[in-house]
Amino acid sequence: MNYRVAVRALCEFTAKAGDLDLRFTPSPTAQEGIAGHGVVAARRGEGYRSELALSGRYRHLEVRGRADGYDPVANRLEEVKTHRGDLVRMPANHRALHWAQAKIYGWLLCQSLELPQVRVTLVYFDILSQRETLLHEDCSAESLKAFFELQCERFLAWAEQELAHRARRDQAMRELAFPHADFRSGQRQLAEAVYKAASTGCCLQAQAPTGIGKTLGTLFPLLKAVPGQRLDTLFFLTAKTPGRQLALHALRSLGGDVPLRVLELVARDKACEHPDKACHGDACPLARGFYDRLPAARAEALRQAWLDRAGVRAVALAHGVCPYYLSQELARWCDVVVGDYNYYFDLNAMLYGLTLANQWRVGVLVDEAHNLVERARGMYSATLDQGDLLALRREAPAVLKKPLERVARQWTALNKAQSLPYQTHETLPAGLLAALQKAIAAIGEYFNEQAGLLPAAVQTFYFEAIHFCRLAETYDRHSLCDLSLRPGTRGVAGRLCLRNVVPAPFLAPRLAAAHTTTLFSATFGPRHYYRDLLGLPAGSPWVDVTSPFAAEQLVIRIVDQVSTRFQHREASVAPIVDLMAVQFAERPGNYLAFFSSFDYLQRVAEHFVRTHPCIPVWLQSRRMDEAERQAFLERFTLLGQGIGFAVLGGAFGEGIDLPGDRLVGAFVATLGLPQLNPVNEQLRQRMDSLFGAGHDYTYLYPGLQKVVQAAGRVIRTREDRGVVYLIDDRFARPQVRRLLPAWWHIPPIARPLGGR
């Protein structure tokens with residue numbers, strides 16, 4: 001059996017040495033790299049061959065990849081590398097890696113075309129100046145073959161180990177049994193849909209209610225599909241830390257003897273051991289000699305196989321390497337990777353990049369996928385604040401003041417041309433973008449010359465400006481360009497935003513790169529809304545898993561005598577307090593009350609405490625830390641009584657589990673509609689032009705998704721019983737009621753003050 005490895009992966013395994021060094025950053029994005037390669041190819045003469053597919057074998061190792069270009073007239077094999085900044089500052093181990101890749105391609109080319117020799121060339125293309133720097137080495141086929149075989153020999157023992165592991169893993173997946181006596185109600189339906197999607201290589205959209213075991217119900221069938229579909233690895237992607245923990249718990253339940261390498265990816269700021277130090281060998285002891293110590297750390301980690309945050313950290317510190325960057329390396333060799341959405345979906349997504357570079361067949365599971373809309377919008381949006389620019393000009397080094405001044409002048413001119421405090425622009429401000437690009441180049445040059453020593457404000461602006469300009473290159477109708485002027489500061493300070501509205505064009509290629517993707521959530525409708533915004537392929541199947549809950553478990557009361565609209569809120573306070581008190585008197589216990597804002601929450605809570613001081617209450621506050629959130633939830637004890645006041649769509653509106661008598665009811669005093677403001681009105685107009693349903697896509701669907709999520713905190717198991725009050729006259733409208741869960745029994749109009 002042959003082991004297949006990409007040229008880049010082979011060289012990164014065998015040819016990396018020395019320190020971890022991130023000073024020659026930031027590197028160009030994938031889009032910038034593609035564009036740079038295109039410019040280089042366009043400059044070459046007739047007959048130039050670009051993206052040349054090559055492969056070769058050494059014993060049972062198959063090496064494959066695409067050479068950037070070959071000029072048959074000059075007999076020159078080119079390896080193109082895009083960059084920004086002074087090449088003199090490129091670390092030597094980066095250059096060595098590039099030469100290794102170029103020479104491997106050189107041998108594969110000589111073998112393919114039966115060439116006795118070839119000129120191997122590194123082409124460094126500066127994406128800002130558009131200049132090329134060429135480094136040549138004339139190589140005989142014999143010398144290139146010897147280099148190729150040396151790299152293969154270094155990798156061969158690892159390849160044999162990986163083949164053996166893959167065989168054990170695949171056999172174990174064929175024999176894998178469901179870890180419980182039986183599936184929960186609805187769980188088998190979900191599992192069968194996931195397995196079918198994997199078998200047919202498609203993207204599945206699954207709405208599955210809380211309580212059926214969605215995590216295990218998606219992981220188990222995808223693991224079973226691994227050997228038959230020849231999947232290289234699985235990605236379980238979550239929006240929040242609790243989702244990662246549920247996935248790890250589900251994988252643990254399969255048993256400790258299952259030969260699966262499981263890796264948890266955590267954010268850099270949580271994994272970093274030395275947050276006060278820069279990521280290079282001169283500053284951080286865990287970066288010094290990183291690649292020299294990596295092989296031993298990697299080997300030990302993969303012997304252990306269970307690589308959650310604590311496991312990775314223990315191995316990393318035992319070998320004196322950075323835990324965060326060790327986990328990045330381990331992602332290449334693990335069977336299941338559990339991490340945040342951004343590792344696959346954002347602009348510089350590592351897992352997506354590895355999938356493309358290694359031509360992996362991957363299975364992707366997207367947990368609580370309703371969150372992906374807003375998360376992806378954030379990934380593909382960028383904001384620059386002129387106030388930050390004005391402040392950093394005062395502390396910037398003298399050599400940077402002139403380019404920053406040019407940016408400030410262009411921005412001030414843009415502000416003065418605007419007649420309203422908030423305004424969208426049909427076209428991007430070309431003058432400002434050009435000034436930004438020049439400022440980026442100047443800061444980058446200074447950054448490299450000073451070995452990474454930059455004032456914090458300048459460094460922050462540098463990376464924000466790069467992100468802004470990168471997104472500007474992709475600007476289209478999926479986004480808005482808007483400028484907000486602060487009151488009384490016209491022409492002086494504003495916020496310029498590239499605001500993504502529809503993330504589908506960015507997400508669609510990532511979904512297409514996977515062999516199969518299942519996006520699942522308890523609230524994943526309407527189907528067309530998420531399909532349009534997330535970029536699911538046409539014809540993607542949909543499954544709406546039958547709820548295991550009975551309508552008798554949950555009493556729904558629509559309170560149509562109250563309006564929670566902004567202009568009616570003051571009048572709504574007393575009626576809401578009265579119905580909460582009546583319900584509590586009829587069934588004392590723990591309740592959650594959800595409101596549209598902290599201000600509204602505070603007003604109702606203050607009135608409630610004044611009129612019903614004997615009923616315990618506790619309130620969500622702004623910017624609660626993890627300990628404060630945990631303390632809030634710990635008030636919901638089995639024998640406890642009281643009402644927790646929370647903001648809809650916040651930390652307690654989804655992703656918390658309070659089964660049984662820990663929570664017996666909820667009051668939802670809002671439709672959850674996003675605030676009516678100029679930004680959302682622009683989103684509505686754009687949604688209307690794209691999909692013909694601007695109000696629904698901008699306000700109604702996102703609002704009711706939060707309502708249903710909040711109400712879903714009440715019934716968590718088949719034994720739970722509870723009540724939910726939907727407080728607003730608009731809940732009585734047919735178009736709103738149609739969007740509520742089908743298993744709810746909703747009376748035509750419920751009067752709340754007569755008891756349960």
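The values are calculated or read from the model by the stated rules, or taken from the named source; none is laboratory data. None of the values given here were measured: they were computed from a predicted structure. In this analysis, Cβ positions are derived from the backbone assuming ideal geometry, glycine residues included, and neighbour counts consider all displayed protein chains. Note: areas computed on protein heavy atoms with side chains; ligands, DNA, RNA excluded. Shrake-Rupley method; radii C 1.70, N 1.55, O 1.52, S 1.80 Å.
List of remarks:
Table: residues versus (1) out of contact with any His (no Cβ under 7 Å at 6 or more places or on another chain); (2) among the charged types (D, E, K, R); (3) open to solvent by 20 Å² or more (accessible area, probe 1.4 Å); (4) over 26 Å from Leu704 (Cβ atoms).
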residue: Leu579; (1), (2), (3), (4): yes, no, no, no
residue: Ala585; (1), (2), (3), (4): yes, no, yes, yes
residue: Asn590; (1), (2), (3), (4): yes, no, no, no
residue: Phe594; (1), (2), (3), (4): yes, no, no, no
residue: Phe598; (1), (2), (3), (4): yes, no, yes, no
residue: Leu601; (1), (2), (3), (4): yes, no, no, no
residue: Glu606; (1), (2), (3), (4): yes, yes, yes, yes
residue: Pro616; (1), (2), (3), (4): yes, no, yes, yes
residue: Arg623; (1), (2), (3), (4): yes, yes, yes, yes
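- Yes/no for Ala396 being crowded, with 21+ Cβ neighbours inside 10 Å, touching a residue at least 12 places away in the same chain (Cβ under 8 Å) and either farther than 30 Å from Gly655 by Cα or basic (Lys, Arg) (or both): yes
- When region 644-674 is filtered for residues that are acidic (Asp, Glu) and in contact with a strand residue (DSSP E or B) (Cβ under 8 Å, 6 or more places away or on another chain), only Asp661 remains.
- Per-region count, region 536-574, residues outside any loop (DSSP other than H, G, I, E, B), more than 18 Å from Thr523 (Cβ to Cβ), open to solvent by 50 Å² or more (accessible area, probe 1.4 Å) and not small (Gly, Ala, Ser): 5
- Just one residue in the set Ala208, Ala177 is in contact (Cβ under 8 Å) with a residue 40 or more places away in the chain and among the hydrophobic types (A, V, I, L, M, F, W, C); that residue is Ala208.
- Any hit, region 21-44, residues being of a type in the set (Val, Ile, Thr), open to solvent by 50 Å² or more (accessible area, probe 1.4 Å), touching a residue at least 24 places away in the same chain (Cβ under 8 Å) and over 30 Å from Gly289 (Cβ atoms): no
- Inside region 521-535, residues that are open to solvent by 20 Å² or more (accessible area, probe 1.4 Å), under 12 Å from Leu204 (Cβ atoms) and assigned to a loop (DSSP other than H, G, I, E, B) make up a count of 0.
- Residues located in region 52-67, provided they are free of Cβ contacts under 8 Å to residues at least 60 places away in the same chain and crowded, with 21+ Cβ neighbours inside 10 Å: Leu54, Gly65, Ala67
- Going through (1) open to solvent by less than 50 Å² (accessible area, probe 1.4 Å); (2) closer than 30 Å to Trp158 by Cβ one by one, Gly85 falls short only on (2).
One line per residue, one yes/no per condition, for (1) outside any loop (DSSP other than H, G, I, E, B); (2) of a type in the set (A, V, I, L, M, F, W, C); (3) touching a Lys or Arg at 6+ places or on another chain (Cβ under 6 Å); (4) at pLDDT 95 or above:
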{"position": "Arg409", "(1), (2), (3), (4)": "yes, no, no, no"}
{"position": "Leu432", "(1), (2), (3), (4)": "yes, yes, no, yes"}
{"position": "Lys438", "(1), (2), (3), (4)": "yes, no, no, no"}
{"position": "Ala441", "(1), (2), (3), (4)": "yes, yes, no, no"}
{"position": "Val458", "(1), (2), (3), (4)": "yes, yes, no, no"}
{"position": "Phe461", "(1), (2), (3), (4)": "yes, yes, no, no"}
{"position": "Ile466", "(1), (2), (3), (4)": "yes, yes, no, no"}
{"position": "Ser484", "(1), (2), (3), (4)": "yes, no, yes, no"}
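- Total residues in region 653-680 satisfying the condition of being under 28 Å from the mean Cα position of the chain (by Cα) and within 22 Å of Leu739 (Cβ to Cβ): the figure is 10.
- The set of residues in region 1-18 that are surrounded by fewer than 19 Cβ atoms within 10 Å (Cβ to Cβ) and either at pLDDT below 85 or assigned to a loop (DSSP other than H, G, I, E, B) (or both) comprises Met1, Asn2, Ala17, Gly18.
- On inspection, Gln151 fails the criterion of being on the phi > 0 side of the Ramachandran plot and in contact (Cβ under 8 Å) with a residue 60 or more places away in the chain.
- Checklist (1) open to solvent by less than 10 Å² (accessible area, probe 1.4 Å); (2) in a helix (DSSP H, G or I) applied to Gln418, failing item: (2)
- Subset of region 324-381 that is open to solvent by 20 Å² or more (accessible area, probe 1.4 Å) and polar (S, T, N, Q) - its residue that is nearest to the chain's Cα centre (by Cα): Asn342
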